[in-house]
1. If we sort 292-303, 53-64 on the protection proxy, mean other Cβ atoms within 10 Å, highest first, what's the order?
2. By counting other Cβ atoms within 10 Å of each Cβ, how are 178, 309 ranked from fewest to most?
3. Per residue and in Å³, how big is the convex hull formed by the alpha-carbon atoms of region 205-261?
4. Between residue 297 and residue 251, what is the spin-label point distance in nm, taking each point 7 Å from the Cα along the Cα→C-beta axis?
5. Provide the gained length on full extension for the span residue 338 to residue 181, in nm with one decimal, where the gain is 0.36 nm per separating residue minus the Cα-Cα distance.
6. Taking the alpha-carbon centroid of each part, what is the distance from region 76-95 to region 317-342 in angstrom?
7. Looking at region 256-350, I'd like the Rg to Rh ratio, where Rg is from alpha-carbon atoms and Rh is Kirkwood's inverse mean 1/r.
8. For residue 306 and residue 86 in the same chain, what is the full-extension length gain: residue separation times 0.36 nm, less their Cα-Cα distance, in nm?
């Protein structure tokens, strides 16, 4: 199916410059496959839609809650997308959309006004950011899908904001739990890696990036991202960003769990070359922190938290955000030399760093 869109709003560069003067936000820390036959999608017992009609309905239901996020990077103006998570103006997008911007303006479908936006909080590790527009109410919203329901081969739809005419790009989940490269929002010309991503055949451009990836029920399964080296884009997995977003919406800030140590990922390749274990190698142990009190030392490799193994798709830093929380008591399995040991510790909390 070819992408379906119609221009809904034309904005000149001069108008955007005028709009962006109002908002000031600095994130200094962030330096089709063709088908020959229609498919069917079973939504629930007794309800069956063709794939084509399911995509059209998902896009129609989701589009009113997808906004354009226009950022000012002197002298350039850059567009991206996001979606409304609350009816009073909290918007979920990606750090790549807002990083380094000295002005944020949001355009809401069907609203002729422009809205100055402010940054609420973000997480460099998961790639998600939450921004806010004020003095609004009753706006349409989107909700997260069940992370456990996402499967390979599933139909998904990327929807862009009104600046792109609410562009709709259908595709499917080609793979899951991928480690994917994207443009580094801090160091231009470089790439940054995100773990546990959704690989898709969808071509994601800058205008759609930061917007939602929807299932056929118009629920958010991920955040669309433009890949740095691949033709197709990818998605930040809802399983990894849901806790971040929920916490930011509830408290206005993000605190993630910490073992009290600086670590580095040990990939399967590095582990094979060194004859050691895959996991997270301890580089520096914080004095008086959980790891130090549990007896961990520099050079140890953490391989498991409770019953969750650490691997390339689920590095320690991501697990601490998506499956564990501050003040939680956990059992840490780690290797030292050829021996494997377990210790108990209580995780602390800190704001994520980039």
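Only the coordinates and a few stated rules stand behind these numbers; no lab work does. Just so it is clear, the structure is predicted and the values come from calculations on it, not from any experiment. Please note: Cβ atoms are built from the backbone with ideal geometry, for glycine as well, and neighbour counts cover all protein chains shown.
1. Output ranking for 292-303, 53-64: 53-64, 292-303.
2. By the 10 Å Cβ count, ascending: 309, 178.
3. 133 Å³
4. Output for this residue pair reads 3.4 nm.
5. Once the chain is fully extended between residue 338 and residue 181, it gains 53.2 nm.
6. 34 Å
7. That ratio is 0.93, to two decimals.
8. Here the answer is 75.8 nm.
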